[in-house]
1. Quick check: at a probe of 1.4 Å, how many percent of the accessible area of the protein assembly as shown sits on carbon and sulfur atoms?
2. Quickly work out the A:VAL105-to-B:ASP74 label distance, labels modelled 7 Å from Cα along the C-beta direction, and quote it in nm with one decimal.
3. Give me the accessible area of B:MET1, 1.4 Å probe, in Å² rounded to the nearest 10.
4. For the protein assembly as shown, with the dipole built from +1 on Lys and Arg beta-carbon atoms and -1 on Asp and Glu ones, taken about the Cα centre, which of B:SER65, B:CYS3, A:ILE78 lies farthest toward the positive end?
5. Might you tell me the accessible area per residue for the range B:3-77, computed with a 1.4 Å probe and given in Å²?
6. If you place +1 on the Cβ of every Lys and Arg, -1 on the Cβ of every Asp and Glu, and leave all else neutral, what size is the dipole of the protein assembly as shown about its Cα centre, to the nearest 20 Debye?
7. Put one equal scatterer on each alpha carbon of the range B:3-77, apply the Debye formula with no solvent term, and list log10 I(q)/I(0) at q = 0.23, 0.25, 0.26 1/Å to two decimals.
8. Sort the range B:5-44 into rounded, prolate or oblate with this rule: let a ≥ b ≥ c be the square roots of the eigenvalues of the Cα gyration tensor; rounded if a/c is under 1.5, and if a/c is not under 1.5, prolate when a/b is larger than b/c, oblate otherwise.
Amino acid sequence: MIARVKKGDYDAFERLVRKYEARIFHHCLKFLNNQDEAEDILQETFLQVYKSLDSFRGEAAFSTWLIKIATNNCLMKIRKKKKVDIVSIDKPIEIDGSQLPREIVDWSKNPFSQVSNDEIRAVLDQAISGLPEDKRVILVLKDVEGFSNIEIAEMLGISVAAVKSRLHRARLYVRDIISKYFDDTLEIIKTGSNR
Amino acid sequence: MNCQDILDRICDYIDKDLDPAICKDIEDHIEDCEPCVAFINTIKKTVDLFKSAGQEPPDIPKPVSSNLMSFLKDKRDE
């Protein structure tokens, strides 16, 4: 399909867009937290792909190349906005003494099949949207898109240690948000099913 | 190794990015520490949920898709 697009087959290009548009749109939405901006970047990204497909050498998967273009465009948008983060999770994580709190609930084994995918997705989106941008970007690239720490460091122009540090903070933060939701929801489901 | 040490290394541990000797210390600790086990399990599940979400993105809203196609056609014709 890519070879045909390179030869100027516009129908093939449209099929390529159809194949990846949802993934790229939701990728941008996670980064930007704003549907209009995500739509702008989606359009910009596919226009860039159309214009520069000749530069795609096939050394990486096409989807990886595409995600990198979308990511760069999102990062430029974020840098232009220069918004001040309201939420900060940079303060040290304090644990009482050497023990974690005893009340940690292990919700990981609970029956997720009883929660709809849409509901889970909404909780994940809510958790991501609460992250400061520098950590949100890394969580999306690592845990949603599956890039390695080295690839992320290269993309963002930061050290691997910085990637790992931000990823650590981001994961602890989203775990906390998701825990609050599932502690309540899954308990309600269990109670309801016993009636 | 105590719970704070586990917390500091938890992401490297679940990403299998730790020296085997440190992994062994973590595993020795969590044998007798239910809160750490719960914390590790829920962090792993959190990461798994994000991975699953990435594999199956929801549909794109129809107006966004049709705007995209119109935009690209317009640009091609310019």
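The values are calculated or read from the model by the stated rules, or taken from the named source; none is laboratory data. In this text, all values refer to a predicted model and were calculated from it rather than measured experimentally. Counting neighbours? That spans all protein chains shown, and the Cβs are built from the backbone with ideal geometry, glycine included. Accessible surface areas use protein heavy atoms only, side chains included; no ligands, DNA or RNA. Shrake-Rupley method; radii C 1.70, N 1.55, O 1.52, S 1.80 Å.
1. It is 47 percent, rounded to a whole number.
2. If labels sit at B:ASP74 and A:VAL105, their model points lie 4.9 nm apart.
3. 90
4. Comparing the listed Cα positions along the dipole, B:SER65 ranks first.
5. 53
6. So the magnitude is around 1100 debye.
7. For the requested q values the scattering log ratios are -1.03, -1.11, -1.14.
8. Here the range B:5-44 falls in the oblate category.
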